[in-house]
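The values are calculated or read from the model by the stated rules, or taken from the named source; none is laboratory data. In this text the structure is predicted, and so the values were computed from the model without any measurement. A quick note on method: Cβ atoms are made from the backbone with ideal geometry, for glycine too, and the neighbour counts reach across all protein chains shown. Surface accessibility is based on the protein's heavy atoms, side chains included, excluding ligands, DNA and RNA. Shrake-Rupley method; radii C 1.70, N 1.55, O 1.52, S 1.80 Å.
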Amino acid sequence: MRSQRLFAMLRARWARVVILMVLLALLTAPMAALRAQDSVTITLGLPQFVETIITPELIAQFEEQNPGIKVQTVPTGFPDFPPATADVAKHFEAVEKYMSAADVNFMGSSNLSPEAAEAGYFLDLSPLTAADTDLNPDDFFPDVWQSVQWDGKVWMIPVSTDVVSLAYNKEAFDKAGIAYPSGAWTVDDLDRAARALVEKDPNGKVTKPALVMFGDYTGLLVRSLLGASLYDSSVTPNAPLFSNPDLEPILTTLAKLEQDGVVSPTFSGQVADVPMRITGSFGLSGLLTGEANPPGASLLPGGKAGINAQGFVISSGTLYPEQAYKLLKFLSLAPAVANNFLSASPARQSMVGVQPPPPSDDTGAAIAAIRPTSPEAQAMIAEALQNGLPASEDRYSAYITQALAKMVSDNLDARTALQNAEVLAVTNQKAAADKHTNLIVSVATPIPQTVLGQGEVSLKFGMLSMVSPMPNRDLWDQVIKDFVDSDPQIGEIKLDTGINQPEQSAKKFDCFYLPLNYVPQIDPTTILNLDPFMDADASFDRGDIINGVLPQVQRDNKTWAMPIVIQPDGMKYDAEAFQKAGVPLPENGWTINEFADALKTLKAANPDKSPFQAQGVGGTYLLLLTAAYGGLPIDYRTNPPTFNFTDANSITALQQVLDLAKEGYIKYGELAGNGLASFISAGADRAPIYTESLSGFAFGAAVNAGADPYKLTTYPTGSTYNGATYSIGTAYVSAISQNPDGCYRWLSTLSRHPELFTGMPARLSLLDDPSVLAMQKPDETVFYKNFVILLQDPNTISFPSLLSSASPSTFLIQRWIDKAFDNYVLHDGDLVGDLATAESYVKGFTECINALSPEDQRNQLKYIDCAGKVDPNMKSLFGAITGSSGS
């Protein structure tokens, strides 16, 4: 009995304790919640380039002004979504992925689609802006503020804006005796001027359109000409409405212009030579287009300019809308953001003229340098801001663009095309409303801060990546985890994948990776010599590095970088087209004569199509083919290179190659069209043979996810010389690193994981490694082995890769020789005379750079100065960048 009473008493007391604990928990829960809310972390999604604007210092400034709010940045891609006009489901999928990445995300008003807004991916900010007594909407340029709202809701806080106008070639208008364009033009005025300015050959075939209006701007032009809305404002949400009778004659005129080739939505030539083009503000800078003088500019026909605001949206999945809104407002008032180098103007009028701090890296400085600064361009921007067409007024123009495209391709009449477009727009609007019913957006939680164990350290590792976020980030995370788990000292690796320039990387990170070899250019005091680490590393064998690679990362008899991968240039060929034409497959390479025979056979099978096309920048591919024909206009076996532009063998070999282009066997695009070099893309309509680069700057042709008939092979070889070009993916240990040994171990690990990079292993032993082979296609495996054999051949000449060379001299020298190529192929010019002129420029240029001090030789602008001294055209093209007056 006593024991029963004792147990009963204990149970009663325990029950009271439990009750008290529950009550205490209930009482303290709100306090705990309040304490938890005292400090929240919101995530901020930043695409590349934008990362260089919103710096850690700026984030720290926000956090200091807003105690209790922490900001964690998340690398994202640009909000470039598949259009809803093509597939609304894929559009929703892409927007949801983007808006799930962070609480706050960068956005352009042109990407702020009505479908995604109606579906509920973006938080409606109107309750927050209405409650904000400090917000002054009148401070924003009216058309910019209007661009981010419709249906009574505010979708974005703009920070800056670009404008879209009509740029024109004054010389072309003067030559034709036509008055310059103006916003007062009607569609008929545009039609008359364009037909008078178009260029045709003697057979009446259009050789150069009068107006290039890229797809994104076609609907904008139509909306400006129409002068009326494309929606029904009497209902909410506003319904698409394309029945305005004034639309039909506008589209009919534009469709006829496009069918006749007078107007084109694309153009692969030198855009500066086209009489008119619809462009953003950067197109008003002569530096981007190769014009010694900036183009003229006017409002679009119809009297409007496009407004493309940049700003930030809040994901509807955020748990912290008030804190996120504070960040948006802060960013719109930050000079560095409002006056960023990607825009024409701040979104707020009060921020105009407020000087931002200098860009945080070379990329930002370079972009800032090519912004339009001429008085005419600045006047155009000011006029555009007063006569802007808000993006909200343009939000259904993609359907108008599609209607016009259908008129051109399917020969539809305007009424039918517009009716079909309206049906699609209404259908997509309903799909958005249906999506909104059950939409749940889940924002990724912030990455928790790693707690380091005793004796552990954290490494900051930078990677210059042209894609953000990296598509193989999961592989990187796994390799990092495996390394951290096994390394006795490194407890964390912080991976930064922004646009990290080499000199800045050496100051910001313990170690870093570049998709190019920067050893010839870098200041050696900013990085460490790796020889002592390699000597102490029993797993490292210098003889295991592919032939010729290690000397390229050495300077002054010291090794400054770890070769991670090499990134060769090759060719891709259509195996199906080859077999159909009876051409032997070059699975293990081919000779230059076999290559030429293949071109002729493929051309005979399809006379209307050039069988070979290069893609990328510059004419290096022509030099590789020239080497195979026995010519070396530039001999890279010597240091410095020997220039033989006027050598008889070089000229003969060059003519053999260039005549293939003249005769239509090579699809030739202008190489030296502007000061920043021309880019050629094979695109979706690929030739049977095209060039392919495996570099970190690769511009691969668009292919479907299914089976690809194109296979990889090497450039053709010759009886005297072979040509090869490749870049090297290199990794460095910064001189500032407090953990250089740990950095070296990490770089050594990376060199054994080529699957993380674009390219082939730099280590011979990995070419047959099963784990590496499993990540390759069969033709890639064969190509890699054949490329190694090619590099081991004593007759092979290695040419520097134009995009991946650290030295600007490679680009500048290539441009001079490219000009001679262009003149010969496109204008029947004097190749011998032009090459002699190019050689004189190159010799004067090299004498100038050789006279520079070691410090100046690391300054790329000094190279441009030297180029301008020997070639006045270089001075006029690059004068704004170098600060030279051109005198």
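May I ask you to say which residue of Ile527, Ile545 is over 25 Å from Gln504 (Cβ atoms), more than 26 Å from the chain's Cα centre (by Cα) and in contact (Cβ under 8 Å) with a residue 60 or more places away in the chain?
Matching residue, one of Ile527, Ile545: Ile545.
Looking at region 195-303, what helices (runs of 4 or more DSSP H) fall wholly within it and have at least 2 residues that are at pLDDT 95 or above and under 21 Å from Phe173 (Cβ atoms)? So that I can check it myself, show each step before the final result.
Working: elements: 215-226, 247-259, 286-289.
Because the criterion is at least 2 residues that are at pLDDT 95 or above and under 21 Å from Phe173 (Cβ atoms), the helices (runs of 4 or more DSSP H) in region 195-303 that meet it are 215-226, 247-259.
Of the residues Val443, Val457, Val484, Val479, which is of a type in the set (A, V, I, L, M, F, W, C), open to solvent by less than 70 Å² (accessible area, probe 1.4 Å) and over 26 Å from Phe509 (Cα atoms)?
Being of a type in the set (A, V, I, L, M, F, W, C), open to solvent by less than 70 Å² (accessible area, probe 1.4 Å) and over 26 Å from Phe509 (Cα atoms) holds for just one of Val443, Val457, Val484, Val479, which is Val443.
Scan region 717-735 residue by residue and report those that are at pLDDT 95 or above, open to solvent by 10 Å² or more (accessible area, probe 1.4 Å) and either of a type in the set (A, V, I, L, M) or within 26 Å of the chain's Cα centre (by Cα) (or both).
Of everything in region 717-735, just one residue is at pLDDT 95 or above, open to solvent by 10 Å² or more (accessible area, probe 1.4 Å) and either of a type in the set (A, V, I, L, M) or within 26 Å of the chain's Cα centre (by Cα) (or both), namely Ala735.
So which of Gln449, Gln419 is on the phi < 0 side of the Ramachandran plot and either free of Cβ contacts under 8 Å to residues at least 60 places away in the same chain or part of a loop (DSSP other than H, G, I, E, B) (or both)?
After ruling out the rest, the residue left standing is Gln449.
Could you count how many residues in region 289-326 are in contact with a Phe, Trp or Tyr (Cβ under 7 Å, 6 or more places away or on another chain), within 26 Å of Asp124 (Cβ to Cβ) and surrounded by fewer than 24 Cβ atoms within 10 Å (Cβ to Cβ)?
The number of residues fulfilling the criteria is 1.
Can you find, within region 739-792, the residue that is most open to solvent (accessible area, probe 1.4 Å) among those that are free of Cβ contacts under 8 Å to residues at least 60 places away in the same chain and β-branched (Val, Ile, Thr)?
Ile789
Within the group Asn111, Asn105, which residue is among the polar types (S, T, N, Q) and buried (at least 22 other Cβ atoms within 10 Å of the Cβ)?
So the residue among Asn111, Asn105 that is among the polar types (S, T, N, Q) and buried (at least 22 other Cβ atoms within 10 Å of the Cβ) is Asn105.
Among the residues of region 408-430, how many are open to solvent by less than 60 Å² (accessible area, probe 1.4 Å), among the charged types (D, E, K, R) and under 19 Å from Val262 (Cα atoms)?
Result for region 408-430: 0.
Could you list all residues from region 46-71 that are of a type in the set (S, T, N, Q), open to solvent by 50 Å² or more (accessible area, probe 1.4 Å) and more than 24 Å from Ser343 (Cα to Cα)? Give the derivation first.
First pass over region 46-71, keeping only residues of a type in the set (S, T, N, Q): 48, 52, 55, 61, 65-66.
If we keep only those that are open to solvent by 50 Å² or more (accessible area, probe 1.4 Å) too, we end up with 61, 65.
Once the filter is applied, which keeps residues that are of a type in the set (S, T, N, Q), open to solvent by 50 Å² or more (accessible area, probe 1.4 Å) and more than 24 Å from Ser343 (Cα to Cα), region 46-71 yields only Gln65.
It is to be established whether one or more residues within region 816-826 are modelled with pLDDT of 90 or more, farther than 24 Å from Ala867 by Cα and either in a strand (DSSP E or B) or open to solvent by 10 Å² or more (accessible area, probe 1.4 Å) (or both).
Within region 816-826, one or more residues are modelled with pLDDT of 90 or more, farther than 24 Å from Ala867 by Cα and either in a strand (DSSP E or B) or open to solvent by 10 Å² or more (accessible area, probe 1.4 Å) (or both).
State all residues of region 460-472 that are open to solvent by 30 Å² or more (accessible area, probe 1.4 Å) and aliphatic (A, V, I, L, M); if no residue qualifies, say none.
Matches in region 460-472: Met466, Val467.
Using the structure shown, decide if Thr601 is buried (at least 22 other Cβ atoms within 10 Å of the Cβ) and in contact (Cβ under 8 Å) with a residue 12 or more places away in the chain. If you could, list the steps in order and put the result at the bottom.
Working: buried (at least 22 other Cβ atoms within 10 Å of the Cβ): no; in contact (Cβ under 8 Å) with a residue 12 or more places away in the chain: yes.
In short, no.
Kindly indicate which of Asp523, Asp544, Asp531, Asp574 is of a type outside the set (Gly, Ala, Ser) and open to solvent by 30 Å² or more (accessible area, probe 1.4 Å).
Answer to the check: Asp523.
Just the residues that are under 14 Å from Leu812 (Cβ atoms), touching a residue at least 40 places away in the same chain (Cβ under 8 Å) and assigned to a helix (DSSP H, G or I), please, taken from region 858-876.
Hits for region 858-876 are Gln860, Tyr863, Ile864, Ala867, Asn873, Met874.
If you go through region 72-94, how many residues are under 19 Å from the mean Cα position of the chain (by Cα) and assigned to a helix (DSSP H, G or I)?
The qualifying residues number 1.
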